[in-house]
Number of protein chains: 2
Amino acid sequence: MQLAVIGLGLMGGSAAIDLKKRGFAGRIIGVDTNKLHAETALHLGIVDEITFMEEAMGKSDLVILAVPADAAVKLIPKIMDLTGKQFVTDMCSTKELLCQVIKYHPKRKNFVASHPMAGTEFSGPWAAKSGLFDGNAVIFCDAEESDVRSLAVVRRMYEALNMRPVFMDSASHDRHTAYVSHISHIISFALALTVLDQEKNERHIFDMASGGFDSTVRLAKSSAEMWSPVFEQNAENVLSVLSTYIRKLEDFKKAIQEHDTEQISKLIKDSNKIKKIL
Amino acid sequence: MQLAVIGLGLMGGSAAIDLKKRGFAGRIIGVDTNKLHAETALHLGIVDEITFMEEAMGKSDLVILAVPADAAVKLIPKIMDLTGKQFVTDMCSTKELLCQVIKYHPKRKNFVASHPMAGTEFSGPWAAKSGLFDGNAVIFCDAEESDVRSLAVVRRMYEALNMRPVFMDSASHDRHTAYVSHISHIISFALALTVLDQEKNERHIFDMASGGFDSTVRLAKSSAEMWSPVFEQNAENVLSVLSTYIRKLEDFKKAIQEHDTEQISKLIKDSNKIKKIL
């Protein structure tokens, strides 16, 4: 199988590494408008060659689109126009707009909307690594819009990445990911901003940072290029979750203000129920 | 050196394990009002014997107080009353109130207020483990109130735990920890509450949770027994940080509401500056 990977960052790069290593792909053709990313991916052996999108698609059986959500929405109609017998999938964190954009495209059946639930706070081909996807879920969205052969090929691809399939419509996907992924990033970004505000005066705060702070602030290292369009495309859901989240913080604030030990303990114990699920 | 550990949870238990293993303490005498904790610590070999506080102190050269912040404030005057030639230290996450309570105690010089910046989201003697403290900072508060010999012994103890010393007054400590530790816990508790609210209807959110969510929600497994008194004792600082934090979230909310891509990107890029420090 010849594979084209458009976007050679963390996601596309990591997929390329394992799909080659595990025998799913024979040859991998890389595409990236960022010349440094493209050359690095080639230099690190993540891809076998670098070329333009048209040529990469012409040579491939399967195309993975692994670019930020705003670029994906712009590129996907063009990619579908270039599609002949190829199968196409994507790895975007938002799905509703992407699926809308090509809803009536004559080649829609060749496309499988997918979101592998994996990642790190790092980006670029230097962040790509083997094993990134192992053991996590991959969400297939609006799978009834893809034909059986497209879906079969893309499912086999994610099997090679050791991911378990979950199926849902793209609207549900966007609602769920607002809760389990997008809000976590906003939480971390805001924490970093809060601490950085203070740090202007008090440098040695950071001398004291331990594991608890590290884990809540980790995602604040994530890139604006990737996350800004995600929040924009999923604005309605993200705003709804963010409002609920701020209300929960206000509950804590009120309980602490009123020195209401019982209520503080109740809030913590209620939140501890997450242990039963995760 | 004979060591008494009062409170055989994560902190006291982990200290006991490494101080014995690394030869700092010969015999370790444990005290815990929770019978199950006491018996477990003895059964797991974390302590050599279990007894009452009075007896444990009588037999010891150094006493570690490792109980929740509310219990610590109640116990510390009694412990200082029982103090003869012993040195006493604590491991509490809040310091100002604790230090106030015994400010004029005739044995104040035998006490060293310390806060090892380490921990996990788990609690109880079953969570205790070797290496918990290694490589982190320990904060010594109001060290000028302790005499030279007390401080020397407690510093040697933390050297055995591989911690690097940082010195500050207890008020600064409480202000800093509000930023680098306490707020992280509220952030996680509130995230868990937000997602659990939603989960009533939508069970499979959790099927989708990946590493990003796991790391921001991890601390929500932390115990109410430990954290509720911390927020109460450090209310003023925690409320100030929480207000700033909510303002940062409102900044995100506004930018997303207004589809202001540039502002969303700016907020993310500003928060990315945390990379330079952590």
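Taking the range A:1-20 as the region of interest, how many residues are among the aliphatic types (A, V, I, L, M), touching a Ser or Thr at 6+ places or on another chain (Cβ under 6 Å) and outside any strand (DSSP E or B)?
Residues meeting the conditions: 2.
A:Asp70 versus (1) over 19 Å from A:Gly26 (Cα atoms); (2) in a loop (DSSP other than H, G, I, E, B); (3) out of contact with any Phe, Trp or Tyr (no Cβ under 8 Å at 6 or more places or on another chain): which is the lone unmet condition?
Only one criterion is unmet by A:Asp70, namely (2).
Which numbered condition trips up B:Glu232, out of (1) more than 7 Å from every other protein chain (Cβ to nearest Cβ); (2) surrounded by 19 or more Cβ atoms within 10 Å (Cβ to Cβ)?
(1)
Filter the range A:84-134 down to the residues that are among the acidic types (Asp, Glu) and not in a strand (DSSP E or B), then identify the one that is nearest to A:Arg22 (Cα to Cα). So that I can check it myself, show each step before the final result.
Of all residues in the range A:84-134, those among the acidic types (Asp, Glu) come to A:90, A:96, A:121, A:134.
Next, from what is left, pick out any that are not in a strand (DSSP E or B): A:96, A:121, A:134.
Numbers: A:Glu96: 31, A:Glu121: 25, A:Asp134: 12 Å.
Ranking the candidates gives A:Asp134 first.
I'm trying to understand the selection: among the residues of the range A:255-274, which are surrounded by 14 or more Cβ atoms within 10 Å (Cβ to Cβ) and more than 7 Å from chain B (Cβ to nearest Cβ)?
Result: A:Ala255, A:Asp260, A:Gln263, A:Lys266.
For B:Val166, indicate whether it is in contact (Cβ under 8 Å) with a residue 12 or more places away in the chain and facing another protein chain (nearest Cβ under 7 Å).
Numbers: in contact (Cβ under 8 Å) with a residue 12 or more places away in the chain: yes; facing another protein chain (nearest Cβ under 7 Å): yes.
Judged against the criteria, B:Val166 is a match.
Among the residues of the range B:21-61, write down those that are in contact with a Leu (Cβ under 9 Å, 6 or more places away or on another chain) and assigned to a loop (DSSP other than H, G, I, E, B).
Passing the criteria: B:Arg22, B:Phe24, B:Ala25, B:Gly26, B:Asp32, B:Asn34, B:Ile46, B:Val47, B:Asp48, B:Ser60, B:Asp61.
Kindly evaluate B:Phe111 against the criterion of being assigned by TED's automatic domain parsing to the domain that holds B:Gly23 and closer than 23 Å to B:Ala178 by Cα.
So B:Phe111 does not fit the description; no.
Do we find that B:Ser188 is among the polar types (S, T, N, Q), surrounded by 24 or more Cβ atoms within 10 Å (Cβ to Cβ) and out of contact with any strand residue (DSSP E or B) (no Cβ under 8 Å at 6 or more places or on another chain) in this structure?
Taking the combined requirement at face value, the residue satisfies it.
With B:Thr83, B:Thr51, B:Thr89, B:Thr40 as the choices, which residue is hydroxyl-bearing (Ser, Thr, Tyr) and over 21 Å from B:Gln2 (Cβ atoms)? Please lay out each step first, then the result.
Working: B:Thr83 fails: over 21 Å from B:Gln2 (Cβ atoms); B:Thr51 fails: over 21 Å from B:Gln2 (Cβ atoms); B:Thr89 fails: over 21 Å from B:Gln2 (Cβ atoms).
When all the criteria are applied, what remains is B:Thr40.
Please enumerate the residues belonging to the range A:140-154 that are free of Cβ contacts under 8 Å to residues at least 40 places away in the same chain and under 23 Å from B:Gly211 (Cβ atoms). First the steps, then the outcome.
Here is the first cut: in the range A:140-154, the ones free of Cβ contacts under 8 Å to residues at least 40 places away in the same chain are A:140, A:143-144, A:146-148, A:151-152.
Within the range A:140-154, A:Phe140 is the sole residue that qualifies.
Within the range A:62-78, can one find any residue that is surrounded by fewer than 22 Cβ atoms within 10 Å (Cβ to Cβ) and either under 17 Å from A:Leu151 (Cβ atoms) or not assigned by TED's automatic domain parsing to the domain that holds A:Leu10 (or both)?
The answer is no; no qualifying residue exists.
Being within 21 Å of B:Tyr158 (Cα to Cα), in contact with a helix residue (DSSP H, G or I) (Cβ under 9 Å, 6 or more places away or on another chain) and buried (at least 16 other Cβ atoms within 10 Å of the Cβ) is the filter here, so list the residues in the range B:18-40 that pass it.
Once the filter is applied, which keeps residues that are within 21 Å of B:Tyr158 (Cα to Cα), in contact with a helix residue (DSSP H, G or I) (Cβ under 9 Å, 6 or more places away or on another chain) and buried (at least 16 other Cβ atoms within 10 Å of the Cβ), the range B:18-40 yields B:Asp18, B:Leu19, B:Phe24, B:Ala25, B:Ile28, B:Ile29, B:Gly30, B:Val31.
Kindly provide the set of residues from the range A:101-124 that are of a type outside the set (Phe, Trp, Tyr) and over 15 Å from the mean Cα position of the chain (by Cα), ordered by number. I'd like the intermediate steps shown before the answer.
Quick first cut of the range A:101-124, residues of a type outside the set (Phe, Trp, Tyr) only: A:101-103, A:105-110, A:112-121, A:123-124.
The answer is A:Val101, A:Ile102, A:Lys103, A:His105, A:Pro106, A:Lys107, A:Arg108, A:Lys109, A:Asn110, A:Val112.
Take the range B:156-168 and flag every residue that is charged (D, E, K, R) and within 12 Å of B:His115 (Cα to Cα).
The initial filter retains those residues of the range B:156-168 that are charged (D, E, K, R), namely B:156, B:159, B:164.
Matches in the range B:156-168: B:Arg164 only.
Mind checking which residues of the range A:169-186 are out of contact with any helix residue (DSSP H, G or I) (no Cβ under 7 Å at 6 or more places or on another chain) and either hydrophobic (A, V, I, L, M, F, W, C) or without any contact (Cβ under 8 Å) to a residue 60 or more places away in the chain (or both)?
Residues satisfying the conditions are A:Asp169, A:Ser172.
Tell me, please, whether a residue that is touching a residue at least 40 places away in the same chain (Cβ under 8 Å) and either buried (at least 21 other Cβ atoms within 10 Å of the Cβ) or among the acidic types (Asp, Glu) (or both) can be found in the range A:196-217.
no
In contact with a Gly (Cβ under 7 Å, 6 or more places away or on another chain) and either modelled with pLDDT of 95 or more or buried (at least 16 other Cβ atoms within 10 Å of the Cβ) (or both): which single residue out of B:Pro106, B:Pro125, B:Pro116 fits that description?
Answer to the check: B:Pro125.
Does the range B:218-260 hold any residues that are of a type in the set (A, V, I, L, M, F, W, C), over 28 Å from B:Ser170 (Cα atoms) and free of Cβ contacts under 8 Å to residues at least 12 places away in the same chain, and which are they?
Matches in the range B:218-260: B:Leu249, B:Ile256.
Here is a list of conditions, (1) more than 27 Å from B:Ile274 (Cα to Cα); (2) within 7 Å of chain B (Cβ to nearest Cβ), and A:Ala190 meets all of them except one; can you say which number that is?
The one condition A:Ala190 does not meet is (1).
Out of the helices (runs of 4 or more DSSP H) lying entirely within the range A:135-249, which hold 3 or more residues that are at pLDDT below 95?
Output list reads A:170-177, A:183-199, A:205-208, A:211-217.
How many residues are without any contact (Cβ under 8 Å) to a residue 60 or more places away in the chain and either touching a Gly at 6+ places or on another chain (Cβ under 9 Å) or among the aliphatic types (A, V, I, L, M) (or both) if we restrict to the range A:34-50?
8
Report, by residue number, each residue of the range B:132-145 that is within 21 Å of the chain's Cα centre (by Cα) and not aliphatic (A, V, I, L, M).
Going residue by residue through the range B:132-145, those that are within 21 Å of the chain's Cα centre (by Cα) are B:132-143.
Correct list: B:Phe133, B:Asp134, B:Gly135, B:Asn136, B:Phe140, B:Cys141, B:Asp142.
Could you list, in sequence order, the residues of the range B:82-137 that are charged (D, E, K, R) and more than 14 Å from chain A (Cβ to nearest Cβ)? I'd like the intermediate steps shown before the answer.
At the first step, the residues of the range B:82-137 found to be charged (D, E, K, R) are B:85, B:90, B:95-96, B:103, B:107-109, B:121, B:129, B:134.
The answer is B:Lys85, B:Asp90, B:Glu96, B:Lys103, B:Lys107, B:Arg108, B:Lys109.
Kindly evaluate A:His182 against the criterion of being in contact with a strand residue (DSSP E or B) (Cβ under 7 Å, 6 or more places away or on another chain), crowded, with 24+ Cβ neighbours inside 10 Å and within 22 Å of A:Leu65 (Cα to Cα).
no
The values are calculated or read from the model by the stated rules, or taken from the named source; none is laboratory data. What you see is a predicted model; the values in this text were computed from it and never measured. Methodologically, a virtual Cβ is constructed for each residue, glycine included, from the backbone with ideal geometry; neighbour enumeration extends over all protein chains shown.
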